[in-house]
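A.B. asks: One structure, pasted below without further comment.
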Amino acid sequence: MIRRIAETTSTNDDARGASYRHGDILWAERQTAGRGQRGHGWTSGEGMNLTFSLVWEPRFLAVREQFTLLQAVALGLADAFDAQGIDCRIKWTNDIYVGDRKLVGILIEHILAGERLARSIVGIGINVNQMDFDPSLPNPTSMARETGREYDRAEVLERVAQCLDGRYRQLERGEADRLRADYRRRIYRLDAPQRFRVPATGEAFTGIIRDVAPSGELVVEHPDGRRCGYLFRQIEFIVGKR
Ligand code: BTN
């Protein structure tokens, strides 16, 4: 079921409600307190984009396997953009990029039942038809900017929902290796020099992404050849400088 509403604070908050079950999507035209990763907000041009939350109930997954779910989400979106002729990459952990510009933001929040994932609220913001962005945003793009055409947002959402469902089924079938391999092939800046910063120390360095471990750690090769694994928040991309 896709439910479309005019306004809410954040679809990720509403989708926690008991009336939303596995596979349901809540799409809001306007969020008054849209949330992004790392405590940031998420703003979106009204009537131009998609801001929605999908509910999954992946009780078969252990909490320690949550990165596999994140991979399924990113790949489902990438599949949907492939179908539109938009060649995208997954910027670890789960931004969708076209070239060096961000097309989609994803915020996944879990509700746990002991060691298992009871519910995952998959919040997704896709820039669809917006052409001009607030200059304070670092590097946004949209589907329309990439292709020069306007999209029917409901159709885009239908396609995205189908593709996400396809990847969820792989998750259910236990095809973690396939998801991991597909995710690896899609990694933004894989095998290419990239500037990074370690927030804890302020250290900046040029490294090369070699892989993403099953735990979700980004495996980066340092200039001296050492390979180090970094968890979310332990390393940041310095975008725009190589
Ligand atoms: C990010 O890149 O920082 C993640 C952005 C996630 C935005 C979406 S829009 C729908 C859902 N509701 C929210 O409040 N956030 C997510």
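A.B. asks: So what is the 222 nm mean residue ellipticity for the chain from helices alone, if each DSSP H run of at least 4 adds -39500 (n - 2.57) and you divide by all residues, rounding to the nearest 500 deg cm²/dmol?
C.D. replies: So the calculated ellipticity at 222 nm is -7000 deg cm²/dmol.
A.B. asks: 7 Å from Cα along Cα→Cβ at both ARG116 and GLN162: what's the point-to-point distance in nm?
C.D. replies: Going by the 7 Å Cα→Cβ label model, 3.1 nm.
A.B. asks: Next question. Could you tell me the ratio Rg/Rh of region 108-242? Both radii from Cα atoms, Rh via Kirkwood.
C.D. replies: Answer for region 108-242: 1.01.
A.B. asks: Roughly what % antiparallel, to the nearest 5, for the DSSP beta bridges in the chain?
C.D. replies: Just about 85 percent of them are antiparallel.
A.B. asks: Please give the contour-minus-distance gain from ALA6 to HIS40: 0.36 nm per residue of separation, less the Cα-Cα distance, rounded to one decimal in nm.
C.D. replies: Additional length available on full extension: 10.0 nm.
A.B. asks: Could you work out the relative contact order of region 23-95, using alpha carbon pairs under 8 angstrom and six or more residues apart, expressed as a whole percent?
C.D. replies: Dividing the mean separation by the residue count of region 23-95 yields 26 percent.
A.B. asks: Could you work out how much longer the chain between VAL219 and ARG173 gets when fully extended? Use 0.36 nm per residue separation minus the Cα distance between them, nm to one decimal.
C.D. replies: 13.9 nm
A.B. asks: Here's something else I'd like to know. Given a Förster distance of 30 angstrom, what is the FRET efficiency for SER136 paired with ALA200, based on the Cβ-Cβ distance and rounded to 0.05?
C.D. replies: 0.70
A.B. asks: Another question, then. How would region 11-78 be classified by its alpha-carbon gyration tensor: rounded, prolate or oblate, with rounded meaning a/c under 1.5 and the a/b versus b/c comparison settling the rest?
C.D. replies: prolate
A.B. asks: On to the next question. Going through the DSSP H helices of the chain, which span 15 Å or more along their own axis at the Cα atoms while scoring at least 0.0 as a mean Kyte-Doolittle hydropathy?
C.D. replies: TM-like helix candidates: 66-83.
A.B. asks: Now for a separate question. Between ARG233 and ARG149, what is the FRET efficiency for a Förster distance of 45 Å, r being their Cβ-Cβ separation, to the nearest 0.05?
C.D. replies: Calculated value: 0.75.
A.B. asks: OK, next. Could you state the principal axis extents of the C-alpha atoms in the chain, from the largest down, to the nearest angstrom?
C.D. replies: That works out to 53, 44, 32 Å along the principal axes.
A.B. asks: With r as the distance between the Cβ atoms of GLU109 and ARG185 and R0 = 22 Å, compute the FRET efficiency 1/(1 + (r/R0)^6) and round to 0.05.
C.D. replies: Computed FRET efficiency for ARG185 and GLU109 comes out at 0.20.
A.B. asks: Give the separation of the Cα centroids, region 27-62 to region 189-237, in Å.
C.D. replies: 27 Å
A.B. asks: Per residue of region 98-110, what does 6.51 cos²θ - 1.76 cosθ + 1.60 with θ = phi - 60° give for ³J(HN,Hα)? Whole Hz please, x for Gly and Pro, Karplus curve as stated.
C.D. replies: So the J values, rounded to whole Hz, are 10, x, 9, 10, 8, 9, 9, x, 10, 10, 9, 10, 10.
A.B. asks: Would you calculate the volume per residue, in Å³, of the smallest convex hull containing every Cα atom of region 17-126?
C.D. replies: About 120 Å³ per residue, rounded to a whole number.
Every number in this text was worked out from the coordinates using simple rules, so none of it is lab data. It should be emphasised that the depicted structure is a prediction, and the values quoted were computed from it without experimental measurement. Neighbour counts run over all protein chains shown; Cβ positions are idealised from the backbone, glycine included.
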